[in-house]
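Working notes, beginning with the structure itself.
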């Protein structure tokens with residue numbers, strides 16, 4: 001731990017069209033919302049891991065986020081989501097590791113159709 005901070009993992013997911021511009025827009029929107037919901041500064045982020053369903057092959061979400069001007073100094077990584085029968089298609093998931101005060105109530109974000117993955121987290 002660093003100072004009076006605790007390591008947290010924040011989850012999120014979004015559905016996208018298989019178009020570079022939409023992937024960039026959706027990933028940037030999801031990232032911005034997670035930062036806003038958790039009053040999170042990029043300086044507190046350790047790493048950002050994306051998983052992508054196999055049907056999204058127009059743009060890497062890590063590259064999309066960086067090219068959008070965000071996360072310039074962060075460790076970003078993207079992997080292909082495990083293929084599962086009946087799984088939600090056109091989906092990018094994110095896991096953000098960050099330091100926040102221990103009393104923080106983490107807020108995850110599921111958007112643009114991905115709410116079905118975690119209805120208990122939907123607004």
### Task
Working only within region 55-78, note down all residues that are touching a strand residue (DSSP E or B) at 6+ places or on another chain (Cβ under 6 Å) and outside any strand (DSSP E or B).
60, 61, 62, 74
### Task
Within region 30-53, identify whether any single residue is surrounded by fewer than 16 Cβ atoms within 10 Å (Cβ to Cβ) and more than 21 Å from residue 100 (Cβ to Cβ), and answer yes or no.
no
### Task
For residue 60, indicate whether it is within 15 Å of the chain's Cα centre (by Cα) and more than 19 Å from residue 10 (Cα to Cα).
yes
### Query
Only one of (1) over 9 Å from the mean Cα position of the chain (by Cα); (2) crowded, with 16+ Cβ neighbours inside 10 Å; (3) under 13 Å from residue 109 (Cα atoms) fails for residue 23. Which number is that?
(3)
### Message
Can you report the number of residues in region 79-123 which are assigned to a loop (DSSP other than H, G, I, E, B), in contact with a helix residue (DSSP H, G or I) (Cβ under 7 Å, 6 or more places away or on another chain) and farther than 13 Å from residue 52 by Cβ?
### Response
4
### Message
Among the residues in region 87-96, are any touching a residue at least 12 places away in the same chain (Cβ under 8 Å), touching a strand residue (DSSP E or B) at 6+ places or on another chain (Cβ under 7 Å) and over 18 Å from residue 17 (Cα atoms)?
### Response
yes
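All of the numbers you see were taken from the coordinates with simple rules; none came from a lab. The model shown is predicted, which means the values in this text are computed figures rather than measured ones. All Cβ positions, even for glycine, are placed from backbone atoms using ideal geometry, and neighbour counts span all protein chains on display.
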